[in-house]
Amino acid sequence: MLSDLYEASVTPPGADHVPRNSAASRFFGLKAFTIFLLALLFFGCGIGNTSLWNIDEPIYAQSLKDQIAQHNLVVPTFNARLMPDKPALNYWLMWTGVKVLGLNSWGLRMGSAVVGALLILYLIMALRRLYGENIALIGGLLTATALHSTVIFRGATPDPLLILTVTIALLSYLRGYLFPDIRSRELLITYAAMAFATLDKGPIGFLLPGLIIVLFLLLRRELSFLWREGRLDWGIPLFLLIMLPWYLAVGVETHWAWDRAFIFKQNIGRFDDSMQGHRGPWVYYPISTFLGMLPWSIFLPQVFRDIWLSRQHFLRSQPKTLFLLIWATAWIGFFTLSATKLPNYVWEAYPPLFILLAAYFEKVRTAATQPARWGMAASLGVLFLIGLALSVFAAWVVPLREPQLPGMVEIGIPYMLAAAVALVLLRRQRWPQAGVTLAGGSVALAALLVFVITPPINAVKPARAMGQRIAALQGPQPYRLASWQWFQPNFLFYAGRGNMPIRHLQALTELSAVLGPEPLYLVCPASDIPAVRAAVPAAYQQQTIMIRYEIYNHTDIALLRISARQETS
């Protein structure tokens, strides 16, 4: 019935019918599991060495602290207010890590590392039947070693979960569409994955995957597949059963205030108007996607050229490629139209592009296609120039802008060396060795970022040191927090206890109303210390506990302790 759906040029003979219990199958599973463990080590190594990065990580971390203190993992809050930014699933993931590793960078971030490794494992296992073992393994390795993978799967944000669930939803749908023998199972996995994606980030978790599926079926002139064989009768109830209980629970507890703010402000509002200054031109996402997929994105022009040459029978004879292109194009196109722009928003478009790259590399390796040597040389030249630009920027521009940071000329060396060595190997037709060289360069760059580049940056993020100083001074005694003309969410996370709020002063005349019998710890620009001192009532005394340079605002930040005069310090 669907015999025209197979693409012999990229699917090795017999790849669709590998015996599950064969020795080859067990060996493939061992290789996939080994890559999973290596990916987990890669994403998790050094993950707790730095304090949280503003602004997203500490917002979600403090919201989790609030929920734990309130014994309520249903309603997200932040600083004594509702937190309608994201649904609950990522909080539950972070809570799991915190229960195992503690309320610190390790515990908060480890869930993302596990999710990243699971993404690699799923890609390898799912692609085996679609494209064969070699492409499956290559696709997993490309995804693991991309530049943006080093960042996204090391952060305590909802993005890793959305990436995993969307990838599962769309690849499972494609597998169900292509293979009738596993159709019911794969389509039900799709509905379940979209439900979890909706629990992680909201309507985008089912609207965009649904749009991609509909566009694919429309172009294939098979829209009736949705209701004929799409398992809607079981899929929709399954989707609602997983997704709906929490949305109903948070709505009931907050009298639907959370749901209204989430839908109208955080979803419609973000699409209609930029939030938190995150805006950009229409080329923002093509550029960020290219940079995020380095070093492998340098070969995308060759991939698209290869696809273009087979365009005559494209819609009917290459459904897998069509599905992947619609996936990437629709996801990037949707967020290009959005007013709010962040690189993380389009990571979900990377997996289909990595799969297309893996299929192309396998065709090159097996001589099914012959790339132009000048094109490959040009691609590697681009990577070399990017490495050179990184080194120049880190060695000269960064120290000029941030004198507190050292020159970091070494940051571009892995790309430059990998590009040069890979060029020599490609001229000798040693494609696998060239790929390993580029992957090695990517891993080396990740190691530099984690162990060399970020420690000096972490040193100019004073929030954790301020929190430790407050804890040393106060012990178990009560205190309050306030801010004047400066605030970063990581200060509240490190300086506060549980769901302790911080008071943001709009005028120094409000200071008297905040003061009480317990000490008040106030953060402000160091230049404002005289003004704060002048506003302190006579019955109180002010001490400057710490002054540290802060990289986000490029200024010195002071931590002040204001206490009643009769109190002994």
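The values are calculated or read from the model by the stated rules, or taken from the named source; none is laboratory data. Model, not experiment: these values are computed from the prediction. Reconstructed Cβ throughout: ideal geometry from the backbone, glycine too, with neighbour counts over all protein chains shown. Side chains are part of the model used for accessible areas, which takes the heavy atoms of the whole protein and leaves out ligands, DNA and RNA. Shrake-Rupley method; radii C 1.70, N 1.55, O 1.52, S 1.80 Å.
For the reader, a short list of remarks on this structure follows.
- When each of the peptides 204-215, 469-480 is scored by the mean number of other C-beta atoms lying within 10 Å of its residues, the order from highest to lowest reads 204-215, 469-480.
- Pairs of lysine residues in the chain that meet both criteria, 8 or more places apart or on different chains and Cα atoms under 20 Å apart, total 10.
- Residue (of 338, 417, 484) at the positive-pole extreme of the chain, dipole from beta-carbon charges: 417
- Legend: P(r) of region 48-166 from all alpha carbon pair distances, 10 Å bins from 0, whole percents, reading 14, 41, 27, 14, 4, 0.
- For region 447-518, the equivalent ellipsoid derived from the Cα gyration tensor has semi-axes of 29, 16, 9 Å, listed largest first.
- Extension gain from residue 234 to residue 402, taking 0.36 nm per residue of separation minus the Cα-Cα distance: 54.8 nm
- Convex hull volume of region 174-222 per residue (C-alpha atoms, cubic angstrom): 58 Å³
- Ranked order, 263, 453 - accessible area, probe 1.4 Å, largest first: 263, 453
- P(r), alpha carbons of region 270-409 - 5 Å bins starting at zero, rounded %: 2, 9, 14, 16, 16, 16, 12, 8, 4, 2, 1, 0
- Amide H contacts for residue 545 (H built 1.01 Å from N in the peptide plane; partners 5 or more residues away or on another chain; cut-off under 5 Å): 559, 560, 561.
- Treating each Cα of region 520-564 as one equal point scatterer and applying the Debye formula with no solvent, the log10 of I(q)/I(0) at q = 0.34 Å⁻¹ comes out as -1.26.
- Accessible area in square angstrom per residue, region 161-265, 1.4 angstrom probe: 42 Å²
- Rounded percent of accessible protein surface that carbon and sulfur make up, region 299-374, 1.4 Å probe: 64 percent
- Charged-residue dipole, Cβ positions (Lys, Arg, Asp, Glu), the chain about Cα centre, Debye nearest 20: 820 debye
- Peptides 339-351, 510-522 ordered by packing proxy, namely the average of other Cβ atoms within 10 Å per residue, highest first: 339-351, 510-522.
- Mean separation of Cα pairs under 8 Å and 6 or more residues apart, divided by the residue count, gives the chain a relative contact order of 14 percent.
- The value of relative contact order for region 271-420, using C-alpha pairs under 8 Å at least six residues apart, is 26 percent.
- Fully extended contour minus Cα-Cα distance, from residue 290 to residue 69, at 0.36 nm per residue: 75.4 nm
- A cut-off of 5 Å between modelled amide H atoms, ignoring neighbours fewer than 5 places along the same chain, links residue 83 with 77, 78.
- The helix-based estimate of mean residue ellipticity at 222 nm for the chain, built from -39,500 (n - 2.57) per DSSP H run of four or more residues and divided by its residue count, is -18500 deg cm²/dmol to the nearest 500.
- The Rg/Rh ratio of region 204-274, with Rg taken over Cα atoms and Rh as the Kirkwood radius over Cα pairs, comes to 1.10.
- Using a Förster distance of 56 Å, the FRET efficiency for residue 244-residue 424 (Cβ separation, nearest 0.05): 0.45
- Along region 46-62 the Karplus relation, 6.51 cos²θ - 1.76 cosθ + 1.60 evaluated at θ = phi - 60°, assigns HN-Hα couplings of x, 5, x, 6, 10, 5, 5, 9, 6, 10, 5, 4, x, 5, 5, 5, 5 Hz to successive residues, with x for each Gly and Pro.
- Working value for the chain: equivalent-ellipsoid semi-axes of 47, 29, 19 Å, each the square root of 5 times a Cα gyration tensor eigenvalue, largest first.
- Per-residue HN-Hα couplings for region 439-453 [Karplus 6.51, -1.76, 1.60; θ = phi - 60°; Hz; x = Gly/Pro]: 5, x, x, 5, 5, 4, 5, 4, 4, 4, 4, 6, 9, 10, 7
- Translational diffusion coefficient (Stokes-Einstein; Kirkwood radius from C-alpha pairs) of region 116-220 at 25 °C, 0.890 mPa s, in µm²/s: 172 µm²/s
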